[in-house]
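The values are calculated or read from the model by the stated rules, or taken from the named source; none is laboratory data. Quick caveat: nothing in here was measured; it's all calculated off a predicted structure. Every residue, glycine among them, receives a Cβ derived from its backbone with ideal geometry; neighbour counts consider all protein chains shown. SASA here: full protein model, heavy atoms, side chains in, ligands and nucleic acids out. Shrake-Rupley method; radii C 1.70, N 1.55, O 1.52, S 1.80 Å.
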Amino acid sequence: MSGNNKPLMIIGGGLAGCEAAWQAAIRGIPVELYEMRPKCSTGAHTGADLAELVCSNSLGSNLKDRASGVLKEELRLAGSLLVECAERAAVPAGNALAVDRKVFSAHIEQKLSEQANIKIIREEIQEIPADQTVIIASGPLSSPAISDEISRICGSDNLFFFDAIAPIIEYSSIDLDIAYTASRYNKNDEDEGDYINCPLSKEEYESFVNALTTAQRIPLKSFEDAIDSGVQAGKMSFFEGCLPVEILAGRSMQALAFGPMRPVGLIDPRTGKRPWAVLQLRQDNMSGSLYNMVGFQTNLLQKEQERVFRMIPGLENAQFVRFGQMHRNTYICAPSVLNASLQMIKNTSVFFAGQLCGVEGYMGNIAAGLLAGINASRYIQGKELLVLPDEMISGALFKYISSADAKNFQPMKANFGILPPLAAKTKSKRERYALYSRRALTKAEELFERE
Ligand SMILES: Cc1cc2nc3c(=O)[nH]c(=O)nc-3n(C[C@H](O)[C@H](O)[C@H](O)COP(=O)(O)OP(=O)(O)OC[C@H]3O[C@@H](n4cnc5c(N)ncnc54)[C@H](O)[C@@H]3O)c2cc1C
């Protein structure tokens, strides 16, 4: 039990912190939600918005035979505030849930401000109090001071790796005499519907790859220095799922044509043929004035991004409203520190949520905020903490992060591979995924009906 009447302190008004605040507040717990922006910057967030999406505006698939679609449905059943706000801010993106990021944040800020149990305080927290229940949700760009504190209370160093974000360009600067909208195989599929496609011939593609791989990058040293400021450097590497496009392109001439630039099913209506490669652009805001370059996270110098990306047919005059950039990712060694309720093993009044606890992806971070909010409330109320069934995607994620091999621990994204095997034999992947999905959602329905 918390042993006093102090409010629940939540550090960080990002995806996880906002969801946690809501879940605790609706359970009758007074909450102080601390957000350091706009007084202090993270280097990647652009303003003061709560739950600002720092990169892609897509929250992933809505389809129930995809892991991120199942996770989203679990969150709907659990009464997630952020999923509700995302649906109110949705922009067209086929079967994916993509949002206008400004509208999304505005809905969240309004709901939290109107909740009587929540006080939003715009201050950086530099110390973790010993006499108060706390949720630490300061994210992958936690301030140096709080990172030091996390190191101190966790008894081990933070871990780091590099990641990168993709550029955003103005719709009006795309040449639509060259670029075309088309769905892969004419299907309005998760990743493809509503996208603008820039086609490249073999020659154009090869010149582009050559320019990309030889373009000037931001020296790595400056990132190491940035990371070193105030916190001890730990492990650093690229996260395989979010490789900078120039690193991927350097692996082989065809790496992009088989990866983010794969052209299959994207017939150019003007030629009636499949291009050699395709760059896809996804709508980024509700009014459709901004598009992001799908899979084009990068660490090139800004002037090099302009030079090289304008070689892509249709983007000759592209206006960049945001350039790609490298960023830091901070996370704790969850298997050594947390249990599956997201509570610290050694310090039971402290909970972790979001990217910091080793969950990867927007939806996973929201799910972590939801569980931490529920469990911090239960802790304060002297109730037993909730462990989600591991047949659920969210339950499997939290089981994974709390029990993985601590030596090689890396953040985990929602996927079917972490679920316990099915009892029945299946003939195809499709059938297996459908059964995983049904089992997960049945468990979630039973659980949240009781909650
Ligand atoms: C640059 C970047 C790009 C990313 N792109 C994607 C993507 O495209 N898709 C995807 O699924 N995931 C992406 N991620 C990973 C992750 O899903 C997001 O970072 C997500 O926002 C993490 O949620 P969070 O709640 O853990 O942290 P955040 O949403 O970052 O929230 C943490 C909050 O804590 C605040 N804060 C930090 N320190 C303090 C302090 N001491 N006191 C008070 N407040 C503090 C910060 O200002 C911030 O608002 C990206 C991560 C980064 C860093």
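Tabulated data
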{"quantity": "Order by protection proxy (mean Cβ within 10 Å, highest first), peptides 40-48, 377-385", "calculated": "377-385, 40-48"}
{"quantity": "Calculated FRET efficiency for the pair Ser287/Asn347, C-beta based, R₀ 60 Å, to 0.05", "calculated": "0.85"}
{"quantity": "Of Lys72/Lys399; Lys64/Lys443; Lys39/Lys72; Lys111/Lys413; Lys102/Lys413, pairs whose Cα-Cα distance is over 21 Å", "calculated": "Lys39/Lys72; Lys111/Lys413; Lys102/Lys413"}
{"quantity": "Per-residue [θ]222 nm for the chain (sum of -39500 (n - 2.57) over DSSP H runs n ≥ 4, rounded to 500)", "calculated": "-10000 deg cm²/dmol"}
{"quantity": "Placed amide H near Asn299: partners under 5 Å, 5+ positions off or other chain", "calculated": "Val245, Glu246"}
{"quantity": "Straight-distance crosslink candidates among aspartates and glutamates, where the alpha carbon sits under 16 Å from Lys407 and sequence neighbours closer than 8 are dropped", "calculated": "Asp157"}
{"quantity": "Folded to 0 to 90 degrees: helix 144-154 orientation relative to the chain principal axis, Cα", "calculated": "50 degrees"}
{"quantity": "Alpha-carbon Rg/Rh ratio, for the chain, with Rh computed the Kirkwood way", "calculated": "0.97"}
{"quantity": "In degrees, nearest ten, helix 393-403 long axis to first principal axis of the chain (Cα)", "calculated": "70 degrees"}
{"quantity": "FRET efficiency, 1/(1 + (r/R0)^6) with R0 56 Å, evaluated for Ile121 and Glu206 via beta carbons", "calculated": "0.55"}
{"quantity": "Accessible carbon and sulfur surface of the chain relative to its total accessible area, %, 1.4 Å", "calculated": "51 percent"}
